[in-house]
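Input: a single structure, listed below in structure tokens.
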Amino acid sequence: AIMLYRFFENKEGMNYAPVFTALLGSMDEVSKGLIVRRLKPVMPPTVDEQKAWFDPYLASFSRREEQAYRKLAKNLKSVLVFNNGFSLIGLLRSCLDFALNDQNQVGGVFDALQDRLWFSGVRRLLDTITRINDFRNTYIAHQEEELTDKALVEQELRGWIEALNTIWLAERPPQ
């Protein structure tokens, strides 16, 4: 990513999105790694227990909340059971946001999120992941805007690389 940035940096009118495309796979992998290493040790071992864990009772919530919880649980199941998932940076952001900001008693996998995703620096990590996910969605994945601001690129590139290290270090589950 840095070499690609260096190649583009002196060219006029370049779109720097490919610089970050080179980091997307790594960012997804460390995001998935944090989720897996923190949650898999507390995932129930049997298929029937897992079904209940990923599908807690949600009828007491609004339709909008219920849909959001089901979507999050489905993506977590894809990651934890089937080793794949959708938008892993966004999934990590949603998991951290739920763990830190949702006061509802949902049960199942959601209890594990609130229990296993509390660690030193997690609020700062949520802010960083939110910024990265928004940047990714705006400039890289959906390319709603062209990424031509060299100063922004340098700032974000540093932030992404620092975040990779921070997430990797946070993968260690609590003892």
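The values are calculated or read from the model by the stated rules, or taken from the named source; none is laboratory data. Computed from a predicted model, the values in this text were never measured in an experiment. Heads up, the Cβs are rebuilt from the backbone with ideal geometry, glycines too, and the neighbour counts pull from every protein chain shown. Please note that ligands, DNA and RNA were not included when accessible areas were found on the heavy atoms of the full protein model with its side chains. Shrake-Rupley method; radii C 1.70, N 1.55, O 1.52, S 1.80 Å.
Exactly one of (1) in contact (Cβ under 8 Å) with a residue 60 or more places away in the chain; (2) open to solvent by 10 Å² or more (accessible area, probe 1.4 Å); (3) under 30 Å from residue 156 (Cα atoms) is unmet by residue 41. Its number?
Residue 41 satisfies every listed condition except (3).
Need the failing condition index for residue 142 against (1) in contact with a Pro (Cβ under 8 Å, 6 or more places away or on another chain); (2) farther than 26 Å from residue 42 by Cα, just the number.
(1)
If you scan region 1-22, which residues turn out to be part of a loop (DSSP other than H, G, I, E, B), open to solvent by 30 Å² or more (accessible area, probe 1.4 Å) and within 19 Å of residue 137 (Cβ to Cβ)?
Matches in region 1-22: 1, 15.
Pairs please, first residue from region 129-157 and under 22 Å from residue 3 (Cβ atoms) and charged (D, E, K, R), second anywhere and outside any helix (DSSP H, G or I) and open to solvent by less than 70 Å² (accessible area, probe 1.4 Å), Cβ atoms under 8 Å, 6+ apart in sequence or on different chains.
Close Cβ pairs satisfying both conditions: 146/15; 150/9; 150/16.
What's the total number of residues in region 23-56 that are in a loop (DSSP other than H, G, I, E, B) and touching a Phe, Trp or Tyr at 6+ places or on another chain (Cβ under 9 Å)?
Residues that pass the stated criteria total 3.
How about region 57-159: which helices (runs of 4 or more DSSP H) wholly inside it have at least 1 residues that are open to solvent by less than 40 Å² (accessible area, probe 1.4 Å) and farther than 20 Å from residue 28 by Cβ?
Passing ranges, in order: 63-82, 88-101, 109-116.
Considering only residues that are part of a helix (DSSP H, G or I) and open to solvent by less than 40 Å² (accessible area, probe 1.4 Å), which ones fall in region 160-175?
Listed by number, the residues that qualify are 160, 163, 164, 167, 170.
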